[in-house]
Every structure is written in structure tokens, then in C-alpha cells.
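The values are calculated or read from the model by the stated rules, or taken from the named source; none is laboratory data. Quick caveat: nothing in here was measured; it's all calculated off a predicted structure. All Cβ positions, even for glycine, are placed from backbone atoms using ideal geometry, and neighbour counts span all protein chains on display. The protein model used for the area step is the full one, side chains on, heavy atoms only, and it has no ligands, DNA or RNA in it. Shrake-Rupley method; radii C 1.70, N 1.55, O 1.52, S 1.80 Å.
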Amino acid sequence: MENNLHIVCLDVPYPVDYGGVFDLFHKIRCLHGAGVKIHLHCFEYGRGRQPVLDNYCVEVNYYERHEGHKGFSHKLPYIVCSRSSKQLLGKLLEDDYPILLEGVHCTYLVGDPRFDNRRIILRLHNVEYQYYRQLCFTERSLLKKIYYHHESNLLRQYEHRIADKVKILAVTPRDNALYRKEFGAEDIETLPVFLPFEEVTSKEGTGCFCLYHGNLSVAENEQVVIWLLKKVFSALEMPFIISGKNPSAKLTRIIGQYPFTCLIPDPSEEEMQDLISKAQVNILPSFNCTGVKLKLLNALFNGRHCVVNTDAVEETGLETVCHIADNADAFRSLITDLYTRSFTQDDICARRMVLGKQFNQEKNLQTLLHAIWGRVPAAN
């Protein structure tokens, strides 16, 4: 039937507890609401089987990821080779439904001639080779640097090979433009991420602390926090809360050295949203300029002032609703100014205009359906 769709996910897309699965889960939710019969395929390597997904899909299949040395190849990037599965390919070949691949990670089948005439759509989460190159720059471990450098080189060659083989949906205009210019991709368009937020709920007035939030087990996020503490907040006497998943013992120890700073580890979703809404300034610089930052979108939809650097927002369309600084002095100056500046109805209206245009869920769903079928299929 015309509204059956295979979706292959790089990870189990529930619970929605880190940025990488926001778009995965809420896209599934929206497609289900549009009457699409979803045949979901997930690589499971620690998140477990999630019965909630059965509410949105006609079937959910789980596959083992080949971690460690089993996933390495001299020809394929680790993120791709470790997600190769004969069982998955066999399942996909049982019919001729379109296939939505969530991330370059899931594109192993693109080189298989059995899928040459199949309708395949790649959801591009990042320009992956750039992402891994930047991880290499920020990583301190020599062994990890070598791995990230090798993976980045493999990914650049691999992304170039697949760029003209499938329909591509990029998350930002920046990624779209890079794939066109560097890899010669032609069948590519921009489709913003799907979110749980449908309207701006930011509160007027002032909050009483600054906030950084994110997955603190991610090396880049830990480095951002340490930079903020040492270069920015060491010279500011105002409350600074750092909150997120799985902070390391090292980060916990460093945070404890700053008298105006506190750590709230592993908050529930409700606690995190409460912190975002009550903060006066959400501070979210990034050392990585690829993709889109889900934590920033969360803060823009639900928080007050947002301070970022250029890498976090360049060519995303979000520049006009953020405050941008690119060095420690500029961050300190902006934060000091914004800490006493009321967040107004005008600020809220500006966000509604920008976010409502880009993240119109119904419009984006129609774009997605058209990309898959060439038209919007009739619901059963």
C-alpha cells in the first residue's frame, strides 16, 4: 500500500533524552498522525527495547550493532560498517516500500545493487566528516584524536560517494549548501527538525540565574562547560547552574571549585524544562558548527535570553533571536548586560515569527511526505 514506509534508525529513538533522538522520535510521531504505516528498524546498543514505539509503528525491529573491532573496516566509516546487518537487508527486501534512512550511519545498503531501483531518502543529521574533524580538534586523548581523524577522512570519501545516489533531506541550509558545493549533490532540500514544541512558551520578566544544559557525558559539552567556568564565570559573581546527563567525576570536581556555580546532574525532563523556563540567560556556545543544536531550540521555544557563539547559529536562520559572542570578553559583557534586562513581549513575538516560519510542523510534514512519495499520499 502506498503509505507504508520503512524507517531505519541509527539508535533506538526513545526515550527522547538526548538531542540526537528528538528529530527521530517526533518525525515518527508526526508520520503516524498522518496515517503512515511505519515499519521501524533500530540498532540497539544499550537503550533497550521500547514498547512505546509500538504505539506509532506497525512493527518495530531491533538489530545488534557491531561494536568494537567487529565494526571496523578500512573502506567504510565505523559509524556505517558497525550498522551493517544482513538481517536488516533481508527484511527490507521483502517488499518495495520506500526507505527513510536516519543518518549517514544507516546507509550501508546504498552500495547494494539490490536496492538500485528502490526509493531511498537519506535524512542528513550532520555533515559527518566535518563533525568528526571538529571532534578531533577538541579531543585531548591522542588515541581518540587518531580515531576521529581517520573516521573523518573515511567519512569525507564516503559522503562524496553517496551524495548523488539518494534523495537527501538536510537539517540546515548550511549542510544543504555544503553537500551541493563539495559533493555535487543535486537531489537535496532542507527540512528542519521535528520538535515537541509547537509554540513559544518563554516567560516575560527576569529570572535569577544563568544556565548551561546538555549531555555532560559528551566530551565537547564538557569542554564547553570548563571553558565557560575558567574564561567567563570566573570573573562574574552571579548564579550559574550547569545541568545534564552523566557528568564525569572530573567535571563535578571542577564545578565544585567555583562558589557561584552549582551542578544539577541527571535532571528529569520536567526538572530540565523548569530550569530552562526560569533561567534569565541560557548560555549555549558550541565548538562544533554542523547540524542544528536541539538544546538551543529548546531554550528558544521555552526560555528567556540565549547567548551563543557564531558556530552555534551561523546559517541556521536563528541568528536574529540569539545574542552572539565569540570570545570570553564578549560573553562576559553580554551576560552581564542581559542578566538585568527584562525579557519582553517584543522578544517573544520576534521568536514566534522566526521559529514559527522555520519549524511549522504541518508544513514540514507535507514536505517530508512529498519527498518520500512525490506527493502527499492519501491516508487509509
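Values computed for the structure shown
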{"item": "Scope the range 107-149; condition modelled with pLDDT of 90 or more and among the β-branched types (Val, Ile, Thr); matching residues", "result": "Thr107, Val110, Ile120, Ile121, Val127, Ile146"}
{"item": "Selected residue (criterion: surrounded by the fewest Cβ atoms within 10 Å (Cβ to Cβ)) from residues of the range 21-42 that are in contact with a strand residue (DSSP E or B) (Cβ under 8 Å, 6 or more places away or on another chain) and not in a helix (DSSP H, G or I)", "result": "Lys37"}
{"item": "Qualifying residue in the range 316-335 (condition: within 17 Å of Thr172 (Cα to Cα) and open to solvent by 50 Å² or more (accessible area, probe 1.4 Å))", "result": "yes"}
{"item": "Matching residues in the range 224-253 - criterion: being buried (at least 19 other Cβ atoms within 10 Å of the Cβ) and in a helix (DSSP H, G or I)", "result": "Val224, Val225, Leu228, Leu229, Val232, Phe233, Leu251"}
{"item": "Residue count, the range 185-202 (criterion: in contact with a helix residue (DSSP H, G or I) (Cβ under 8 Å, 6 or more places away or on another chain), more than 19 Å from Arg352 (Cα to Cα) and part of a loop (DSSP other than H, G, I, E, B))", "result": "2"}
{"item": "Residue check, Leu211 hydrophobic (A, V, I, L, M, F, W, C), open to solvent by less than 10 Å² (accessible area, probe 1.4 Å), modelled with pLDDT of 95 or more and assigned to a helix (DSSP H, G or I)", "result": "no"}
{"item": "Selection within the range 77-94 - surrounded by 14 or more Cβ atoms within 10 Å (Cβ to Cβ), over 23 Å from the mean Cα position of the chain (by Cα) and either part of a loop (DSSP other than H, G, I, E, B) or not hydrophobic (A, V, I, L, M, F, W, C) (or both)", "result": "Ser85, Lys91"}
{"item": "Residue within the range 200-207 that is touching a residue at least 12 places away in the same chain (Cβ under 8 Å), crowded, with 21+ Cβ neighbours inside 10 Å and more than 26 Å from His26 (Cα to Cα) present", "result": "yes"}
{"item": "Residue list for the range 54-72, restricted to those being exposed (fewer than 13 other Cβ atoms within 10 Å of the Cβ) and among the small types (Gly, Ala, Ser)", "result": "Gly68"}
{"item": "Residues that are of a type outside the set (D, E, K, R), within 18 Å of Ile146 (Cα to Cα) and either in a loop (DSSP other than H, G, I, E, B) or in contact (Cβ under 8 Å) with a residue 60 or more places away in the chain (or both), drawn from the range 66-76", "result": "Phe72, Ser73, His74, Leu76"}
